[in-house]
Structures are given as structure tokens and as C-alpha cells.
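Notes follow once the structure below has been shown.
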Amino acid sequence: MITRFDPFREINALHNAMSRALQTAGPTGYGDELTTSGSFVPPVDIYEDENSISLRLEIPGMKQEDLDIRMENNTLTVRGERKFEKEEKEENFHRIERRYGSFARSFTLPNTVDTEKVNADYRDGVLSIELAKRAETKPKQIKIGVGTQKSESRVIDQGSKKGSGQAA
């Protein structure tokens, strides 16, 4: 039997092994993320503006009922499970690269978030979570008066002092 030498086969096998090892390890304490566990780690984008904090988790191929979102003690936890559909026999697959199994991601939220105003939407494989900020924590713009208005108010204040000094 003759075996063909393919130098890229071993490199590809090493690459796949390293990818699996790094993906199962998950992120190591980046930002305010508490835990990452499970068979796969869905990527997340976090965006903040003056009114809200938005999270977008990429979890294609999941059903809405397989997702669990909980808020407890200013910690947002998203759990889910992507199930492997065994319609075809596994031995007929040439390659299985998509990740299956359960996942859990937890994020510590700042005190500015109103935990009563959280909305979640799952569409086209993306879970979107909107966390509204409390009204008292939103930035407020303070208008600066023009120099002439400030000097006029000083003149009025000085006039009232003179008037009260003359009457006494």
C-alpha cells in the first residue's frame, strides 16, 4: 500500500488541535466577564451609549426556548445549549467544525443599569440584550450663561445690598 505524503495534513491537524485547546479554555478574565463555561463560547459585542448598554451574542442554530437569560445581583447570565442533530450518521461526516453543547456567559453590570428595564430579542442567530440606564445616572448637560447675564445678576445683588443697607 502506498501512502501519499501531504505536508499540510499534519499542519492542519496541529492547527485543529490547537484551536480546540484554546476554545475550550475560553477567555481568561477579560473585562467584567465573570465566567465562561461549556462546550463553546459564543462571541459577544458590548456597546454603551448615554441611555443604555447593548450586548449582541452570536449563537446561530439555536431555538429561542433553548436560551436562558437571568439577572441577579447586578450580574447578567446567558445560558444555552446548541444540540447536535443526529439525522445523519456521524461516521458519514468528513468534518464537524461547528460547536455543540452548552454554554454560559456572565457579565457584571455597573450600578447605572436599571435592572427592571431589560429587553431581549433573538433574530437571525443573534441574541440582542438592551439594558436601560437609570434616569438619575444619565449625563445631564449644564448650560453655561453668557458673561453679560452673570454681570447683570451681580449688579442686581449689589443693588439689593445697598438698598437694605440704606434702610437699616
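Among the residues of the stretch 148-166, is any outside any helix (DSSP H, G or I) and either more than 23 Å from residue 66 (Cα to Cα) or modelled with pLDDT of 80 or more (or both)?
Taking every residue of the stretch 148-166 in turn, none turns out to be outside any helix (DSSP H, G or I) and either more than 23 Å from residue 66 (Cα to Cα) or modelled with pLDDT of 80 or more (or both).
Looking only at residues in the stretch 37-57 that are touching a Leu at 6+ places or on another chain (Cβ under 8 Å) and either within 11 Å of residue 126 (Cβ to Cβ) or charged (D, E, K, R) (or both), which one is surrounded by the fewest Cβ atoms within 10 Å (Cβ to Cβ)?
Once the filter is applied, the top-ranked residue is 43.
Is there a residue in the stretch 40-47 that is modelled with pLDDT under 90, at positive phi and over 16 Å from the mean Cα position of the chain (by Cα)?
Taking every residue of the stretch 40-47 in turn, none turns out to be modelled with pLDDT under 90, at positive phi and over 16 Å from the mean Cα position of the chain (by Cα).
Within the stretch 78-98, is even one residue more than 30 Å from residue 140 (Cα to Cα), at pLDDT 90 or above and more than 13 Å from the chain's Cα centre (by Cα)?
yes
The values are calculated or read from the model by the stated rules, or taken from the named source; none is laboratory data. Because the structure is a prediction, the values reported are computed rather than measured. Heads up, the Cβs are rebuilt from the backbone with ideal geometry, glycines too, and the neighbour counts pull from every protein chain shown.
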